[in-house]
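Input: a single structure, listed below in structure tokens.
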Amino acid sequence: MINSAVLAGVVISSVALAHGPTEDWIREGGYRDENGHSCCGEQDCKTLGDKEVREIRGGYAFSTVFQWADRSVPLAGTVPYSEAPPSLDGKFHVCVKFENGEAKRRCFFASVGGV
């Protein structure tokens with residue numbers, strides 16, 4: 001019998017980190033931020049759900065939570081259209097870098113159809 005706590009941990013880790021085949025196109029595509037840093041590492045990109053992103057004047061606003069080490073790290077911000085290239089899978093994605101225990105947006109990919 002599978003331990004339900006272990007199974008729950010696997011599911012939560014998969015969803016919270018959300019870096020797998022869904023975000024592989026970001027890593028494999030060699031996308032970079034405006035400073036030339038790679039957008040995507042092993043655990044730093046996440047697909048945003050419908051309730052985590054909305055369209056605002058001139059771009060997008062988002063709010064989400066990343067799992068980093070053993071804690072939840074919130075991240076919210078705005079992204080101008082000029083910094084939101086279209087995603088290849090039609091979903092919104094945000095990639096971050098972690099500094100001093102905080103998540104900072106590195107790259108953002110927009111759904112082609114908008115919100």
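The values are calculated or read from the model by the stated rules, or taken from the named source; none is laboratory data. Remember, it's a predicted structure, so these values are computed and weren't measured experimentally. Here the Cβ is made from the backbone with ideal geometry for all residues, glycine too, and neighbour counts use every protein chain on show.
For the stretch 76-109, the tally of residues that are over 17 Å from GLY30 (Cα atoms) and touching a Phe, Trp or Tyr at 6+ places or on another chain (Cβ under 6 Å) stands at 3. Considered as a group, the residues in the stretch 33-48 that are without any contact (Cβ under 8 Å) to a residue 12 or more places away in the chain and touching a Lys or Arg at 6+ places or on another chain (Cβ under 9 Å) include one that is surrounded by the fewest Cβ atoms within 10 Å (Cβ to Cβ), and that residue is ASN35.
Might you let me know whether the stretch 6-24 holds any residue that is exposed (fewer than 15 other Cβ atoms within 10 Å of the Cβ) and modelled with pLDDT of 80 or more? Looking for residues that are exposed (fewer than 15 other Cβ atoms within 10 Å of the Cβ) and modelled with pLDDT of 80 or more, one finds at least one in the stretch 6-24, hence yes. Take the conditions (1) modelled with pLDDT of 85 or more; (2) among the polar types (S, T, N, Q); (3) not in a strand (DSSP E or B); GLN43 misses just one of them, which is (1). Counting only residues that are in a loop (DSSP other than H, G, I, E, B) and either among the aliphatic types (A, V, I, L, M) or surrounded by 21 or more Cβ atoms within 10 Å (Cβ to Cβ) (or both), how many does the stretch 76-115 have? The total comes to 4.
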